[in-house]
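What follows is one structure encoded as structure tokens, with my remarks underneath.
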Amino acid sequence: MNTTKKRLIVSVGALAVLAVIFVASCGLTGCRSNGENRSNSSAPANTGTTEIPGIPPDPGEAGKATLAGIDSDNDGVRDDIQRYIAITYPDSEKTREALSQYAKVIQNALLDASDKENSIQHAEESDKSQSCLWYVFGSVDAYGKVLDNLMPIVLNTDGRNYAYFTYNDQLGGQVFIDVPYDQRAAACNFDVASLPN
């Protein structure tokens, strides 16, 4: 049965979710009122300093200096996130592509967080990228666990956490239509069928 579901993001509900995300992300990034970052975070290890062919070098602390971070190959994915994805999922090109699609959307959402119209557009793109992840991983639970590990990398500074809260606040009262089940593969911005794994 192909039914289209609607989601209503209500400000109060969104704030409750944001509070949970804030507590979890601050536990991982060490949110501090003076803007410092905690260097001994319990977030998944990013990558170390090892150079890996085909992916950019570890940006280190310089990658945390601005909201945009460092994207040395200009592919739309911050270098620290690109490295995390490549190192964590070396055996699945589909997974890497799907997570990169999601990472680009979230990075744009962070950068445009103060603009309501752009935030709504990015939320629609996020729904689409999550439908792609659902298709690639086969279930909400499976891709949810993957995103649970990715988000501490994405939101690894106080500024990025704040931008994420601002972005989510822009979505209060908006309605988004989920991608129908039989169209999830088309939600990927890459040819899923052409990738063997």
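The values are calculated or read from the model by the stated rules, or taken from the named source; none is laboratory data. Remember, it's a predicted structure, so these values are computed and weren't measured experimentally. Cβ placement follows ideal geometry from the backbone for every residue including glycine, while neighbour counts extend to all protein chains displayed.
Kindly indicate whether R160 is modelled with pLDDT of 90 or more, basic (K, R), surrounded by 20 or more Cβ atoms within 10 Å (Cβ to Cβ) and out of contact with any strand residue (DSSP E or B) (no Cβ under 8 Å at 6 or more places or on another chain).
On the way: modelled with pLDDT of 90 or more: yes; basic (K, R): yes; surrounded by 20 or more Cβ atoms within 10 Å (Cβ to Cβ): yes; out of contact with any strand residue (DSSP E or B) (no Cβ under 8 Å at 6 or more places or on another chain): yes.
In short, yes.
Being assigned to a helix (DSSP H, G or I) and more than 20 Å from R96 (Cβ to Cβ), is that true of even one residue in the stretch 145-157? Explain how you work it out, then say what you get.
Taking the stretch 145-157 and keeping what is assigned to a helix (DSSP H, G or I), we get 145-154.
Imposing the further condition that a residue be more than 20 Å from R96 (Cβ to Cβ) reduces the set to none.
Looking through the stretch 145-157, none of the residues is assigned to a helix (DSSP H, G or I) and more than 20 Å from R96 (Cβ to Cβ).
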Flagged in the stretch 163-177 as among the hydrophobic types (A, V, I, L, M, F, W, C) and modelled with pLDDT of 95 or more, in numbering order, are A163, F165
Would you mind telling me which numbered condition in (1) modelled with pLDDT under 95; (2) assigned to a loop (DSSP other than H, G, I, E, B) A113 fails? (1)
Picking from I120, I106, which residue would you name as being over 10 Å from the mean Cα position of the chain (by Cα), closer than 12 Å to Y167 by Cβ and assigned to a helix (DSSP H, G or I)? I120
For the stretch 136-184, which positions are within 13 Å of the chain's Cα centre (by Cα) and among the β-branched types (V, I, T)? V146, I153, V154
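Taking into account only those residues within the stretch 49-71 that are exposed (fewer than 13 other Cβ atoms within 10 Å of the Cβ) and not charged (D, E, K, R), which is modelled with the lowest pLDDT?
Our first condition is that a residue be exposed (fewer than 13 other Cβ atoms within 10 Å of the Cβ); within the stretch 49-71, this holds for 49-51, 53-54, 61-62, 66, 68.
Applying the additional criterion that residues be not charged (D, E, K, R) yields 49-50, 53-54, 62, 66, 68.
Working: T49: 52, T50: 59, P53: 73, G54: 79, A62: 96, T66: 96, A68: 96.
So the residue we want is T49.
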Consider Q101 against the criteria (1) of a type in the set (S, T, N, Q); (2) touching a helix residue (DSSP H, G or I) at 6+ places or on another chain (Cβ under 9 Å); (3) not in a helix (DSSP H, G or I): it satisfies all of them except one. Which criterion is unmet? (3)
Residue selected from the stretch 103-132 under the condition of a type outside the set (D, E) and under 19 Å from Y181 (Cβ atoms), by the criterion surrounded by the fewest Cβ atoms within 10 Å (Cβ to Cβ): S126
Can you name the residue in the stretch 178-197 that is among the aliphatic types (A, V, I, L, M) and assigned to a loop (DSSP other than H, G, I, E, B) and is also modelled with the lowest pLDDT among such residues? V179
Taking only the stretch 60-78 into account, find how many residues are free of Cβ contacts under 8 Å to residues at least 60 places away in the same chain, in a helix (DSSP H, G or I) and within 18 Å of N161 (Cα to Cα). 3
